[in-house]
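Engineer: The structure is given below, and queries will be raised subsequently.
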């Protein structure tokens, strides 16, 4: 019996499998996959040594954990197909916006279900993921799924009610960070620096800054900001300009806009 099965071999599934295998959390031989695009499954077979199942039913019958790595709108088609094939199997969903109750409505009563919400940074082993479970998923199942998430980043257990907010501040924020880095780099280009050099400098600076916040015992970003701002220096001049242009408000408004949109989906 395989430990872990993936229905769908898209970008996120590929990132998770790469993380699990490269970190040695699992061996490729204990993972199986299914995708209607055989080419994607073949790639994972060659790259990670996983196995390929010929149908979702075969996969569900032979796995302890089944990861739904397809688009949420496909759930009503896929879940009834595997409903009668699950044997003490834990269903794991990485689909945004579909609740534990919604997923369970297509499965037998008391099916263990765990929701995972990773972000795009899983591609580089630096995801921030959230997990929650229904009443039928036991502690061992949760521990396994948390370990899987840790193989491609960090993980936090949250109540399902906070998943929409988590999806915004963890799922949307990489795009905001990319915009910030690119904006700084473009200004550097205006002042004579090559774009690739500017991007590397800005990205590394942001990476290091994030690390400082994570390691700050006082958990106080403004104390760190103040530590960089020398009296009459260049940094305080830039910080003052950002405040004048309502940088803080713009970021908060972006989070609110994304959250409002999520509520309408």
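Engineer: Kindly list the number of the only condition in (1) surrounded by 10 or more Cβ atoms within 10 Å (Cβ to Cβ); (2) modelled with pLDDT of 95 or more that fails for residue 191.
Structural biologist: For residue 191, the failing item is (1).
Engineer: Still on this structure, I have one more. Just one of the numbered conditions (1) at pLDDT below 95; (2) closer than 26 Å to residue 124 by Cα is not true of residue 265; which one?
Structural biologist: Only one criterion is unmet by residue 265, namely (2).
Engineer: Residues to consider are 24, 58, 64, 42; find the one that is in the same structural domain as residue 138 (by TED's automatic domain parsing), under 23 Å from residue 140 (Cβ atoms), touching a strand residue (DSSP E or B) at 6+ places or on another chain (Cβ under 8 Å) and surrounded by fewer than 18 Cβ atoms within 10 Å (Cβ to Cβ).
Structural biologist: Details: 24 fails: touching a strand residue (DSSP E or B) at 6+ places or on another chain (Cβ under 8 Å); 58 fails: under 23 Å from residue 140 (Cβ atoms); 42 fails: under 23 Å from residue 140 (Cβ atoms).
It is 64.
Engineer: Same structure, new question: Being in contact with a strand residue (DSSP E or B) (Cβ under 8 Å, 6 or more places away or on another chain), without any contact (Cβ under 8 Å) to a residue 60 or more places away in the chain, within 11 Å of residue 16 (Cα to Cα) and not assigned by TED's automatic domain parsing to the domain that holds residue 177 narrows it down to one residue among 134, 119; which is it? Quick ask: steps written out before the conclusion?
Structural biologist: Details: 134 fails: within 11 Å of residue 16 (Cα to Cα).
Going through 134, 119 in turn, the sole match is 119.
Engineer: Can I ask one more? If a residue must be more than 21 Å from the chain's Cα centre (by Cα), surrounded by 14 or more Cβ atoms within 10 Å (Cβ to Cβ) and within 19 Å of residue 135 (Cβ to Cβ), how many such residues does segment 84-103 contain?
Structural biologist: 2
Engineer: Just checking, does segment 206-213 include any residue being assigned by TED's automatic domain parsing to the domain that holds residue 188, over 21 Å from residue 188 (Cα atoms), without any contact (Cβ under 8 Å) to a residue 60 or more places away in the chain and touching a helix residue (DSSP H, G or I) at 6+ places or on another chain (Cβ under 8 Å)?
Structural biologist: yes
Engineer: If you scan segment 140-160, which residues turn out to be in contact with a strand residue (DSSP E or B) (Cβ under 9 Å, 6 or more places away or on another chain) and either in a helix (DSSP H, G or I) or at pLDDT below 95 (or both)?
Structural biologist: Selection gives 141, 142, 144, 145, 146, 147, 148, 149, 150, 160.
Engineer: How many residues are within 12 Å of the chain's Cα centre (by Cα) and assigned to a strand (DSSP E or B) when one looks only at segment 104-121?
Structural biologist: Let us first name the residues in segment 104-121 that are within 12 Å of the chain's Cα centre (by Cα), namely 115-121.
Going one step further and asking which of them are assigned to a strand (DSSP E or B), we end up with 115-117.
Counting residues in segment 104-121 that are within 12 Å of the chain's Cα centre (by Cα) and assigned to a strand (DSSP E or B) gives 3.
This table checks each residue for (1) at pLDDT below 95; (2) under 23 Å from the mean Cα position of the chain (by Cα).
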| position | (1), (2) |
| --- | --- |
| 2 | yes, no |
| 6 | no, yes |
| 9 | no, yes |
| 17 | no, yes |
| 28 | no, yes |
| 51 | no, no |
| 67 | no, yes |
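Engineer: May I ask you to list the residues in segment 251-265 that are surrounded by 12 or more Cβ atoms within 10 Å (Cβ to Cβ) and without any contact (Cβ under 8 Å) to a residue 24 or more places away in the chain?
Structural biologist: Pass one, segment 251-265, residues surrounded by 12 or more Cβ atoms within 10 Å (Cβ to Cβ): 251, 254-255, 257-259, 262.
Matches in segment 251-265: 257 only.
The values are calculated or read from the model by the stated rules, or taken from the named source; none is laboratory data. As the structure is a computational prediction, the values presented were derived from the model and not from experiment. A quick note on method: Cβ atoms are made from the backbone with ideal geometry, for glycine too, and the neighbour counts reach across all protein chains shown.
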